[in-house]
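These notes concern the structure reproduced below.
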Amino acid sequence: MRVLDVFIAFPSLVLTIFIAQALGPSIPNTILALSAFSIPAVARVARSATLRVMTMPYLQAAELSGSPAWRILLRHVAPNITPQMLNFAMLGMGIVIVTEGALSFLGLGIPPPAPSWGNMIFEGQQSMSATPLLVLWPSLALLATVLSFNLLGENIRDEMSGR
């Protein structure tokens, strides 16, 4: 966890830009750069949720009854951390989408022949005075997608918490 804490200490966008610049623009390198800043936060949330569940009495009872560790993990720990992880994943997905758009806008993400909202916004920006809709539509699509993931995460949390 200490190694992951070092990654969390750096600003995520700066770290992602550094990794994308070092590796070069391509789809696998973009995925690697986005994963490098996403994994520490996901691991931190998963560890926190798991430590919370590990203190529950039913888990101690399962251990004392002789259940193997894999069974305890699959039957008790995983189902109890799933709601929190799903909510975090939906909120994190919006951040990843915006970061990918920023990388592509800067020319460090997905190369231009492949579709990317960042590439579309960059190309539309060059002729923005003549056709501003070339920037508006990809920007609105990006906004709508991120907003949808955030609302989906909130709805998942509300449904799983029993509200």
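The values are calculated or read from the model by the stated rules, or taken from the named source; none is laboratory data. The model shown is predicted, which means the values in this text are computed figures rather than measured ones. Here the Cβ positions follow ideal geometry from the backbone for every residue, glycine too, while neighbour counts run over all protein chains shown. Side chains included, ligands, DNA and RNA excluded: accessible areas come from the protein's heavy atoms. Shrake-Rupley method; radii C 1.70, N 1.55, O 1.52, S 1.80 Å.
Considering every residue within the range 97-106, establish whether at least one is surrounded by 19 or more Cβ atoms within 10 Å (Cβ to Cβ) and in contact with a Lys or Arg (Cβ under 7 Å, 6 or more places away or on another chain).
no
For the range 54-72, what are the residues that are surrounded by 13 or more Cβ atoms within 10 Å (Cβ to Cβ) and either of a type in the set (S, T, N, Q) or within 22 Å of M1 (Cα to Cα) (or both)?
M54, S67
For every residue, the table says whether it meets (1) surrounded by 15 or more Cβ atoms within 10 Å (Cβ to Cβ); (2) of a type outside the set (V, I, T); (3) within 22 Å of the chain's Cα centre (by Cα); (4) not in a loop (DSSP other than H, G, I, E, B).
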{"site": "G109", "(1), (2), (3), (4)": "yes, yes, yes, no"}
{"site": "G118", "(1), (2), (3), (4)": "yes, yes, yes, yes"}
{"site": "G124", "(1), (2), (3), (4)": "yes, yes, no, yes"}
{"site": "A130", "(1), (2), (3), (4)": "no, yes, no, no"}
{"site": "W137", "(1), (2), (3), (4)": "no, yes, no, yes"}
{"site": "L140", "(1), (2), (3), (4)": "no, yes, yes, yes"}
{"site": "A144", "(1), (2), (3), (4)": "no, yes, yes, yes"}
{"site": "L147", "(1), (2), (3), (4)": "no, yes, yes, yes"}
{"site": "N150", "(1), (2), (3), (4)": "yes, yes, yes, yes"}
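Condition test on L15, is it in a helix (DSSP H, G or I), surrounded by 14 or more Cβ atoms within 10 Å (Cβ to Cβ) and among the aliphatic types (A, V, I, L, M)?
It is true that L15 is in a helix (DSSP H, G or I), surrounded by 14 or more Cβ atoms within 10 Å (Cβ to Cβ) and among the aliphatic types (A, V, I, L, M).
Mind checking whether some residue in the range 81-93 is β-branched (V, I, T), open to solvent by 30 Å² or more (accessible area, probe 1.4 Å) and under 17 Å from I27 (Cα atoms)?
no
Here is a list of conditions, (1) under 17 Å from F105 (Cα atoms); (2) assigned to a helix (DSSP H, G or I); (3) of a type outside the set (V, I, T), and W70 meets all of them except one; can you say which number that is?
(1)
I'm trying to understand the selection: among the residues of the range 37-53, which are without any contact (Cβ under 8 Å) to a residue 40 or more places away in the chain and either over 11 Å from the mean Cα position of the chain (by Cα) or farther than 15 Å from R2 by Cα (or both)?
Passing the criteria: A46, S48, A49, T50, L51, R52, V53.
What are the residue pairs meeting all of these: first residue in the range 118-129, first residue in contact (Cβ under 8 Å) with a residue 12 or more places away in the chain, second residue among the β-branched types (V, I, T), Cβ atoms under 8 Å, and 6 or more apart or on different chains?
Cβ pairs passing all conditions: G118/I110; N119/I110; I121/V135; G124/T131; G124/V135.
Of all residues in the range 19-39, how many are farther than 19 Å from P111 by Cβ and either charged (D, E, K, R) or surrounded by fewer than 15 Cβ atoms within 10 Å (Cβ to Cβ) (or both)?
Of the residues in the range 19-39, 1 are farther than 19 Å from P111 by Cβ and either charged (D, E, K, R) or surrounded by fewer than 15 Cβ atoms within 10 Å (Cβ to Cβ) (or both).
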